[in-house]
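Undergrad: Dumping the structure here so I can ask a few things about it.
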Amino acid sequence: MRVIESVAEMVGLRRELQAPVGFVPTMGYLHEGHITLVKKTREENATAVASIFVNPTQFGPREDLAHYPRDIPRDLKMLETIRTDIVFVPGSSEKMYPAGYNSWVEVSGITERLEGAVRPGHFRGVATVVAKLFNIVQPDRAYFGQKDAQQLLVIEKMVRDLNINVTVVRVPTVREPDGLAMSSRNVYLNLEERRQATVLYQSLKLAEQLYRDGEKDADRIKCQMTDLIEQQPLAKIDYISIADSTTLEELATVKIPVLVSLAVRFGNTRLIDNIILE
Ligand code: PAF
């Protein structure tokens, strides 16, 4: 496994790589969800590339950039075990955003809702860094988890709108045995918060069950999800959404395919999760 720290070296290396090149961008502190993405990349491509970069431009001023969990030696060991060929680790932010940096990718329409409404500027940071990483690594395919459903839609739209020559591959959410979606943020939960957090997936499964039983009224489904989540005293709901799975427009009547998504706080930790009803 080669670890590349310089942008110029990574760009130059592309010509030597055997195609197809599969790519998994990450912010590190890897968990089973990332490992699944890289394993799939390994299976489907001649060369598997991952990146580790905690991207400052997708964090808001009051978000946890300084405290975002980091352990690069551990990440590299994990990536080596699953036969990653190349890991791009630019390290300092200045390598990605040198002095005078001033170009941004805005994907309008779907970024103002849900996570975008609560985290202004977040998707501008995500789209910009992903576009830069695509230009640096020049992959044939890039792999993203369905857990960050809105991020996935933003990246798919950016790729379409800007004619970027990359196939975006959606990978289903990886869950703990009790249903909690894998996330680097789960390490912040204390034991009791962790126990109560299983309600996120239970509420999504409840929405699915209600829909399968014939309930099509989105507000009634959201009400029942709210009641279930509020049985957990530490849970504070940010939003519950039932939206068109492409435009993210909120729906009054469930018409599949729909994205059922939510954001819930446990103490200082904000968790998101979703399912698609098809
Ligand atoms: O999902 C993430 O970890 C990040 O948003 C990404 C796609 C690596 C961009 O920094």
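The values are calculated or read from the model by the stated rules, or taken from the named source; none is laboratory data. Just so you know, these numbers come straight off a predicted model, no measurement behind them. Note: ideal-geometry Cβ built from the backbone for every residue, glycine included; neighbour counts use all protein chains shown. What goes into the accessible areas is simple: the full protein's heavy atoms, side chains included, and nothing from ligands, DNA or RNA. Shrake-Rupley method; radii C 1.70, N 1.55, O 1.52, S 1.80 Å.
Undergrad: When V118 is evaluated against the numbered criteria (1) surrounded by fewer than 21 Cβ atoms within 10 Å (Cβ to Cβ); (2) aliphatic (A, V, I, L, M); (3) within 12 Å of the ligand (Cβ to nearest atom), which criterion, by number, is the only one it fails?
TA: Going through the list (1) surrounded by fewer than 21 Cβ atoms within 10 Å (Cβ to Cβ); (2) aliphatic (A, V, I, L, M); (3) within 12 Å of the ligand (Cβ to nearest atom), V118 breaks only (3).
Undergrad: Kindly indicate whether S241 is part of a strand (DSSP E or B) and small (G, A, S).
TA: yes
Undergrad: If I ask for residues that are more than 18 Å from F144 (Cα to Cα), open to solvent by 30 Å² or more (accessible area, probe 1.4 Å) and assigned to a helix (DSSP H, G or I), which ones from the stretch 177-200 would you list?
TA: V187, Y188, L191, E192, R194, R195
Undergrad: How do the strands (runs of 3 or more DSSP E) wholly within the stretch 1-78 filter down when requiring 1 or more residues that are open to solvent by 20 Å² or more (accessible area, probe 1.4 Å) and modelled with pLDDT of 95 or more: which remain?
TA: The strands (runs of 3 or more DSSP E) meeting that bar are 2-4, 21-26.
Undergrad: Would you confirm, using the coordinates I've provided, whether V174 is crowded, with 18+ Cβ neighbours inside 10 Å and within 15 Å of the ligand (Cβ to nearest atom)?
TA: yes
Undergrad: Give just the number: which of (1) free of Cβ contacts under 8 Å to residues at least 60 places away in the same chain; (2) open to solvent by less than 20 Å² (accessible area, probe 1.4 Å); (3) more than 13 Å from the ligand (Cβ to nearest atom) does A207 not satisfy?
TA: The failed condition is (1).
Undergrad: A further question on this structure: So which residues in the stretch 259-277 are more than 11 Å from A197 (Cβ to Cβ) and more than 16 Å from the chain's Cα centre (by Cα)?
TA: Across the stretch 259-277, the qualifying residues are N268, L277.
Undergrad: Could you please find all residues in the stretch 79-105 being modelled with pLDDT of 95 or more and loosely packed, with under 13 Cβ neighbours inside 10 Å?
TA: E80, T81, R83, E94, P98, A99, G100, N102, S103, W104
Undergrad: Any residue in the stretch 23-38 that's more than 15 Å from R74 (Cα to Cα) and aromatic (F, W, Y): show its pairings with residues that are near the ligand (Cβ under 10 Å from one of its atoms) and assigned to a helix (DSSP H, G or I) at Cβ separation under 9 Å, as long as the two are six or more apart or on different chains.
TA: Final answer for the pair search is F23/L133.
Undergrad: So, E106, is that one among the acidic types (D, E) and away from the ligand (no atom under 14 Å from the Cβ) or not?
TA: Here the answer is yes, as E106 does meet what is asked.
Undergrad: Still on this structure, I have one more. Does the stretch 144-167 contain at least one residue that is under 24 Å from G116 (Cβ atoms), more than 15 Å from the ligand (Cβ to nearest atom) and without any contact (Cβ under 8 Å) to a residue 12 or more places away in the chain?
TA: yes
Undergrad: Are there any pairs with C-beta distances below 7 angstrom linking a residue in the stretch 62-84 that is farther than 21 Å from K39 by Cα to a residue that is of a type outside the set (F, W, Y) and modelled with pLDDT under 95, with the two at least 6 apart or on different chains, and if so which?
TA: P69/S184; P69/V187
Undergrad: With respect to V137, determine if the residue is open to solvent by less than 10 Å² (accessible area, probe 1.4 Å) and either away from the ligand (no atom under 12 Å from the Cβ) or closer than 25 Å to I72 by Cβ (or both).
TA: Judged against the criteria, V137 is a match.
Undergrad: Name every residue in the stretch 148-163 that is surrounded by 18 or more Cβ atoms within 10 Å (Cβ to Cβ) and either over 20 Å from the mean Cα position of the chain (by Cα) or not in a helix (DSSP H, G or I) (or both), in order of residue number.
TA: Within the stretch 148-163, D148 is the sole residue that qualifies.
Undergrad: Out of all the residues in the stretch 246-277, which are open to solvent by 20 Å² or more (accessible area, probe 1.4 Å), at negative phi and among the small types (G, A, S)?
TA: A252
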